[in-house]
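J.: Here it is: the structure, laid out below.
A short reminder: the numbers here are calculations on the coordinates, not readings from a lab. This is a predicted model, so every value here is computed, not measured. Glycine also receives a Cβ, built like all others from the backbone with ideal geometry; neighbour counts cover every protein chain displayed.
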Amino acid sequence: MNEHMNEQQIVVIGGSEGIGFAVAKAARALGARVLAASRTKGKLEAARDKVSGLEIRVADINNPASIKELFSELSGVDHVYIAAGSFKAGSPLDNPLSEFRHRFDERLWGSLEVVRAAHHLIRPGGSFTFTGGLSSDHPIRGQWVNGIATLATEQLARVLALELAPVRFNAVAPGPTDTPMWNHIFPENGAQALSAFTTKFLIPRLVTADEVAQAVMLLMQNEAMTGETIHIDCGARLV
Ligand SMILES: NC(=O)c1ccc[n+]([C@@H]2O[C@H](COP(=O)([O-])OP(=O)(O)OC[C@H]3O[C@@H](n4cnc5c(N)ncnc54)[C@H](OP(=O)(O)O)[C@@H]3O)[C@@H](O)[C@H]2O)c1
């Protein structure tokens, strides 16, 4: 395993906040060149202010042209991490299905658009890492579409590992993680709204974005790992 990532090119889709930002920060700390992409220029600029040398681009995983443009300026890529993905809670019988369908489409077809745009650039030993989640293994009431969508990305890693070897494909499956995502879902108290839920976990707390990033760095750096999903969930899927 390389302890350093000097001269390696990492691309993080969804790299301006939360888990993606933690991955961008960790890869920069190991000396990689890191290109962080997301939809919002202001968030990207704030990320660049916090991580010296971070390169930023506006791109939307739901817009294939913007993903193609993002990779068109690169001559080679070592690792890609995809954090982009949104959350929609609700009963399968409520809300227009299109609102739920979008959550599935962006994770499955959005991830595949990234692979199609970047695959030819991946250098030997390189990899893609997708983001799964707790609700893949442990269905959570109201989070049915997320469970289907994250399970699809975990399976996407396995099938692409087979289809497109020797390029490596893996996934990380976080449990509830302390990130800005929860501020949109629970505007009053963000991730702290989950504290009652986390008390039953084997390790009774939220995961940190840095802990998820550690797993992503392992998946990037260990060249024997492919088709793997690493769970970083404080044991939540076992209870
Ligand atoms: N936090 C958790 O508890 C948890 C648990 C399991 C799985 N996950 C999954 O892990 C991933 C990251 O979660 P997070 O908690 O770090 O979320 P977050 O704090 O909301 O950060 C999401 C990042 O992705 C970007 N993004 C969102 N939609 C995008 C799009 N369409 N195209 C490009 N970039 C986009 C956001 O920036 P812009 O808004 O500027 O685009 C931001 O940089 C998500 O897929 C989430 O579902 C999270």
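J.: Exposed loop GluC sites (Glu not before Pro) only (DSSP loop, at most 14 other Cβ atoms within 10 Å): please give the longest stretch of the chain free of them, not including the sites.
T.: For GluC sites (Glu not before Pro) (loop position, at most 14 other Cβ atoms within 10 Å), the longest site-free span of the chain is 74-187.
J.: Please count, across the chain, the pairs of lysine residues with Cα atoms under 21 Å apart that sit 8 or more places apart or on different chains.
T.: On the way: LYS25/LYS41; LYS25/LYS43; LYS25/LYS50; LYS41/LYS50; LYS41/LYS68.
Qualifying lysine pairs in the chain: 5.
J.: GNM, the chain, Cα, under 10 Å: largest mean-square fluctuation among ALA32, ALA46, ALA157?
T.: Highest fluctuation among the options: ALA46.
J.: Which of GLY18, GLY227, GLY42 ends up with the largest GNM mean-square fluctuation for the chain, with Cα atoms connected below 10 Å?
T.: GLY42
J.: Further question on the same structure: From the residues PHE201, TRP182, GLY18, which one has its Cα farthest along the dipole of the chain in the positive direction, the dipole being from +1 and -1 charges on Cβ of Lys/Arg and Asp/Glu about the Cα centre?
T.: TRP182
J.: Net charge within 12 Å of PHE21 by Cβ-Cβ distance, Lys/Arg positive one each and Asp/Glu negative one each, not counting PHE21 itself?
T.: Working: positive: LYS25, ARG28, LYS43, ARG48, LYS50; negative: GLU17, ASP49, ASP210.
Around PHE21, the surrounding residues sum to +2.
J.: Which one, ASP49, ASP210, ASP137, has the greatest fluctuation when you compute a Gaussian network model over the chain with C-alpha springs under 10 angstrom?
T.: Maximum among the listed residues: ASP49.
J.: Multiply the residue separation of ASN63 and GLN214 by 0.36 nm, subtract the distance between their alpha-carbon atoms, and state the gained length in nm to one decimal. Write out the running numbers ahead of the final one.
T.: On the way: separation 151, 0.36 × 151 = 54.36 nm, distance 2.88 nm.
So the extension gain works out to 51.5 nm.
J.: Take the eigenvalues of the Cα gyration tensor for the chain, scale each by 5, and report the square roots as semi-axes in whole Å, largest first.
T.: Values: eigenvalues 140, 74, 70 Å².
They are 26, 19, 19 Å, listed largest first.
J.: A further question follows. Considering amide H positions built from the backbone, and no H for Pro or chain starts, which residues 5 or more places from ILE122, or on another chain, come under 5 Å of its amide H?
T.: HN-HN under 5 Å from ILE122: VAL77.
J.: Among ARG33, ARG123, rank each residue by its count of other Cβ atoms within 10 Å, from fewest to most, as a rough exposure measure. Show your work: numbers first, answer last.
T.: Details: ARG33 19, ARG123 12.
Ranking ARG33, ARG123 by Cβ neighbours within 10 Å, fewest first, gives ARG123, ARG33.
J.: How large is the charge dipole for segment 9-238, taken about the Cα centre, if only the Cβ atoms of Lys, Arg (+1) and Asp, Glu (-1) carry charge, to the nearest 20 debye? Let's see the in-between values first.
T.: Working: 22 positive and 23 negative charges, 18 e Å.
I would put it at about 80 debye.
J.: Under 5 Å between amide H atoms, partner at least 5 residues away or on a different chain: which partners does ARG39 have, H built in plane at 1.01 Å?
T.: ALA59
J.: Per-residue ellipticity at 222 nm for the chain, helices alone: DSSP H runs ≥ 4 residues times -39500 (n - 2.57), over residue total, nearest 500 deg cm²/dmol? Before the final figure, lay out each step's value.
T.: Details: 9 runs with 99 residues, N = 239.
So the helix-based figure for the chain works out to -12500 deg cm²/dmol.
J.: For the chain, find the longest principal axis of its Cα atoms and tell me its angle to the long axis of helix 144-163, 0 to 90°, nearest 10.
T.: Roughly 30 degrees between the two axes.
J.: Still on this structure, please answer the following. Test of the criteria: in segment 197-239, which trypsin sites (Lys or Arg not before Pro) are in a DSSP loop and have at most 15 other Cβ atoms within 10 angstrom of their Cβ? Intermediate results must be reported in sequence, preceding the final value.
T.: Numbers: sites: LYS200, ARG205, ARG237; in loops: LYS200, ARG205.
Passing both the DSSP loop test and the Cβ count: LYS200, ARG205.
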